[in-house]
Each structure stands twice: as C-alpha cells, then as structure tokens.
Amino acid sequence: MSEVKARANALLQESFGPSAERIRGTLRDLGFSGHAAEAFCALVRVSHATAGDLVLKTGVADSKIYYALDELAEKGLVDGKPKTYRVVPAKEVEIRLSRLVEAEYEKRRAATARLGSLLEPLRAATKSPDTDVAYIVKGLPNVVARAKALISSARKEIVVLAADEGIFRKLEDDLARAARRRIRVRLAVPEIPVTKDLEKAAEIRSIVCECVLVLVDGQQVLTMSRTADGDAYAITSTDPTLVRLGLDYWESPRCCVM
C-alpha cells in the first residue's frame with residue numbers, strides 16, 4: 001500500500017510540474033517576486049507548511065522566505081499563524097488577484113489622466129506664450145470629460161462646488177471612486193442626497209452661490225458656466241491666483257455653509 005501511495009504521489013508531482021510553471025509565470029507577470037511565486041507554488045501542493053518546510057521545498061534561503069511569505073500575505077493569497085502558512089481557497093485567490101489588477105489599472109489610468117491634464121495647459125501656453133496658463137473647454141460633454149479627468153488625476157485632495165445638480169450627478173461616481181482611493185473630497189452641493197460612500201467619506205457643505213468648479217490638489221482649477229441654450233463651457237487653469245480664488249469660494253460663507 002505504501003508503494004502505491006508513493007507512486008501516486010510521484011505521478012501527482014509530475015502532473016503538477018507544467019501547471020506550477022504556468023502559475024509561477026503568471027504570478028511573475030502580475031508583479032510578484034520570484035521567491036514569492038516559488039513559495040506559492042510550494043504551498044498549493046500541501047494543506048499548510050512552515051517557513052522551514054518551504055525553505056526545503058523551494059531552495060529559497062531562510063533569510064528570504066519570510067519576505068516572500070509577507071508579500072503573499074500582504075496581497076491576500078496566504079494566511080495562517082506566524083509559523084504555519086496556507087494558501088487561501090482558489091476562488092478567493094482569483095478574487096483577490098482581480099482586485100489587485102483593478103487597483104493597478106485604476107492607478108495607471110489616473111496617472112495617464114493626470115499627465116494629460118498637466119500637458120494640456122502647457123500646450124496651450126506654448127501656442128500662446130504671452131497669455132496666462134488657462135484655456136477654454138467648449139461643449140457640455142467635453143467639460144464633463146475634463147472634470148472627470150481632473151478628478152481621476154487627483155493624488156491628495158478634490159474640492160467640488162456644484163450648484164448644478166445635473167453636473168454633480170455626472171461626477172458623483174468619479175468622486176466616490178476618488179474617495180475610495182483615500183483622496184480627500186470636499187463637496188458643496190444643494191440640499192440633495194448623495195451616494196452612501198460619498199456621504200460617509202466626503203466633507204459636505206451646502207452651496208448657496210451659483211457656481212460649478214473643480215479644484216484638484218491645490219494646483220488645477222476648472223470653472224464651468226452654462227450658456228443660454230443649455231450647453232456649457234469651462235475655463236481650466238493652473239494659475240495660482242485662480243486656484244486661490246477657487247479655494248476662497250469653498251471657504252467663503254457667502255458660497256458654502258456647514
């Protein structure tokens with residue numbers, strides 16, 4: 001019986017070889033270190049293991065194995081007591097890796113939007129070097145798209161004053177996503193309901209003036225106006241004076257009240 005069991009285990013290990021290589025390669029593609037990928041592949045073959053067990057199974061030095069396990073634990077693929085580790089269920093691995101990929105995508109998308117927002121004023125200044133760093137965005141869809149890009153580009157703080165509920169609703173989901181990224185959101189809107197996530201995370205005031213502006217990281221400001229036919233245009237700028245004026249609106253009791 002012991003020989004049969006040993007043979008079965010040997011066959012199982014042989015069949016796992018190609019799969020382990022693919023798992024290892026996939027983890028590397030997802031940004032995991034080689035040691036973390038080796039430790040993960042070793043752990044999926046057993047119900048649990050100690051760091052010492054994994055040193056023997058992987059050949060990773062004992063001075064490195066804890067870094068590998070910490071990496072796996074930080075990303076949610078491994079849990080257990082300090083001396084015993086196990087891989088979380090396969091479905092949970094998939095869910096947690098998907099979240100990591102989505103977070104990385106969101107980070108890169110925000111960086112791309114931020115770069116675009118930073119480049120546009122510079123391009124405008126290059127075309128008209130004698131004018132201030134400000135330019136006009138025409139048309140409601142373009143104004144909303146620019147406001148969304150600014151919100152996505154935020155790294156620290158967003159201030160939004162939106163007397164126009166329709167405009168606010170177009171930006172509401174973007175603001176909630178920013179709040180989930182731990183961006184500080186300060187929001188002034190009419191007495192209207194907002195999403196629960198935003199209500200919980202944002203500093204919300206009531207707006208008493210007729211204005212729409214988006215201010216990001218104390219560096220970029222967008223102010224929007226409606227036209228007589230219901231369309232819109234906006235002025236966006238990195239000029240420090242205009243940015244300061246935007247902050248003054250937020251702080252003024254004539255525009256926003258607690």
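The values are calculated or read from the model by the stated rules, or taken from the named source; none is laboratory data. No experiment lies behind these values; they were computed from the predicted model shown. All Cβ positions, even for glycine, are placed from backbone atoms using ideal geometry, and neighbour counts span all protein chains on display. Surface accessibility is based on the protein's heavy atoms, side chains included, excluding ligands, DNA and RNA. Shrake-Rupley method; radii C 1.70, N 1.55, O 1.52, S 1.80 Å.
A Förster distance of 30 Å, applied to the separation of the beta-carbon atoms of ARG181 and ARG86, puts the FRET efficiency at 0.45. Gain on full extension, evaluated as 0.36 nm per residue between GLU106 and ALA73 minus their Cα-Cα distance, stands at 9.7 nm.
Take the Cα pairs of the stretch 133-258, get the Kirkwood Rh, then feed it into Stokes-Einstein at 20 °C and 1.002 mPa s and tell me D in µm²/s.
Taking Rh from Cα pairs, D becomes 150 µm²/s.
So what's the net charge close to ALA201: Lys and Arg +1, Asp and Glu -1, counting the other residues with Cβ under 15 Å from its Cβ?
Numbers: positive: LYS156, ARG177, ARG180, ARG181, ARG182, ARG184, ARG186, LYS196, LYS200, ARG205; negative: GLU157, GLU172, ASP173, ASP174, ASP197, GLU199, GLU203.
Net local charge, ALA201 excluded: +3.
Hey, any idea what Rg/Rh is for the stretch 32-100, computing Rh the Kirkwood way over Cα pairs? Present the calculation step by step, with values, prior to reporting the outcome.
On the way: Rg = 10.9 Å, Rh = 11.7 Å.
We get a ratio of 0.93 for the stretch 32-100.
Here THR195 sits with roughly 50 square angstrom of accessible surface, probe radius 1.4 Å. In this simple spin-label approximation, GLU251 and ARG96 carry label points 7 Å from Cα along the Cα→Cβ vector, and these lie 4.5 nm apart. Amide H contacts of VAL78: ALA73, VAL88, each under 5 Å away and 5 or more positions distant or on a separate chain (H built 1.01 Å from N in the peptide plane; Pro and chain starts excluded).
Judged by the gyration tensor of its Cα atoms, with axes a ≥ b ≥ c, the stretch 131-200 is oblate; a/c meets the 1.5 cut and b/c is at least as large as a/b. Distance between the 7 Å Cα→Cβ label points at ASP173 and THR227: 2.7 nm.
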